[in-house]
Amino acid sequence: MGVSFLSTCSSLLSLVAHDPPSITTYQPRSVPICCNTIKIDVSGESQVHLRRRDILKSSGVAIGLELIGNSGSLVGNANAADLIQRKQRSEFQSKIKGTLYTAIKGNPDVIPSLLKLAINDAFTYDKATKSGGPNGSIRFSSEISRPENQGLSTALNLVEEAKKEIDSYSKAGPISYADLIHYAAQSAVKATFLASAIRKCGGNEEKGNQLYNAYGSSGQWGLFDRQFGRADAQEPDPEGRVPVWEKASVQEMKDKFSAVGFGPRQLAVLSAFLGPDQIATETLLATDPDVAPWVQNYQRSRETVSQTNYEVDLITTFTKLSTLGQQINYEAYTYAPPKIDITKLKL
């Protein structure tokens, strides 16, 4: 049997407005003017014989250039504001990950539950009604106490404690449970991959870190990080949408995965988190001809140094799972930059 995902949890590393044109007084002098190849000499107060359409054309060019100049200024301001927001969100994400990493490092046994918490929160999604999904509804007592969520209270408690710390340093309001639950799952996945690299290096954290940085798939999380700004549900999602995974048949699991837009490949890659015993779950899934090839593929991948196939597919699946039916607010957690009082600047 191949290497188990959960067997890697034993060791973790310390996770513009334009200025008005200046006014200049011109003295009359002889100047050649060209409009539509008609060359006319203008001297002092002498009569000018310019065709009206030529003057209008010249004026139109000048106005057009002025409009282009102004629009360029507005675009520049918009781009600058967008860059500020991106920087704010990136810095906030980094602090969130640091908080979660510290919490998970102190509670490595909670990693499987954090991943299942995110899965069960997301699997309430219903394509027909466009309702449910990764909206943080699992935080409600009536939902976390359902049979399919048995044993996940410890993971939810870790999320709630992390939320208190994160909200204390957030400059743009509290973080949503919807975002935090899925960032906790991301941190759990990364911590487990890193632990696997350390284990493969005989427990040497420095070498394990180097191995993961050289061969790991951390960069694959880029798309996940951009899906940041989920809104929280205000009530529990309907019952009966998430099966009790360890009691479900292979066909029932396949049907549920199909209902949210997933197939045998995603079922196999998430198999470690669908029950308390990964080996038993994979053994069951290996009896199905559609799922078996993917189970075997990921078992082989986990035995390699890089685990590339397994890591990339798991990250991709979690990224899609974390956005099912959600409208992402790309301005969430951004705030107006502080204003500078120029009267207090020392020159």
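Odds and ends about this structure:
- Label-to-label distance, nm, for residues given as L345 and A128 (7 Å Cα→Cβ offset): 6.3 nm
- Tensor-based shape of region 289-336 (alpha-carbon gyration tensor, a/c under 1.5 rounded, otherwise prolate or oblate): oblate
- In nm, spacing of pseudo-spin labels at Q93 and S306 (7 Å Cα→C-beta vector): 2.3 nm
- Across region 80-207, C-alpha contacts under 8 Å between residues 6 or more apart give a mean separation that, scaled by the residue count, equals a relative contact order of 29 percent.
- Modelled label reach - D225, point 7 Å along Cα→Cβ, region 114-154 residues with backbone N closer than 13 Å: none
- Extension gain (nm, one decimal) between D82 and V244, 0.36 nm per residue minus Cα-Cα: 54.0 nm
- In straight-distance terms, cross-link reach from K130 covers every one of the lysines whose alpha-carbon lies under 25 Å from its own, apart from those fewer than eight places away in the same chain; here that gives K116, K254, K256, K320.
- Amide H partners (placed H, <5 Å) of S131, local residues excluded: D126
Where a number appears in this text, it was derived from the coordinates with a stated rule and is not lab data. The structure displayed is predicted, hence computed values, not measured ones. Because the Cβ atoms are built from the backbone with ideal geometry, glycine has one as well, and the counts that use them run over all protein chains shown.
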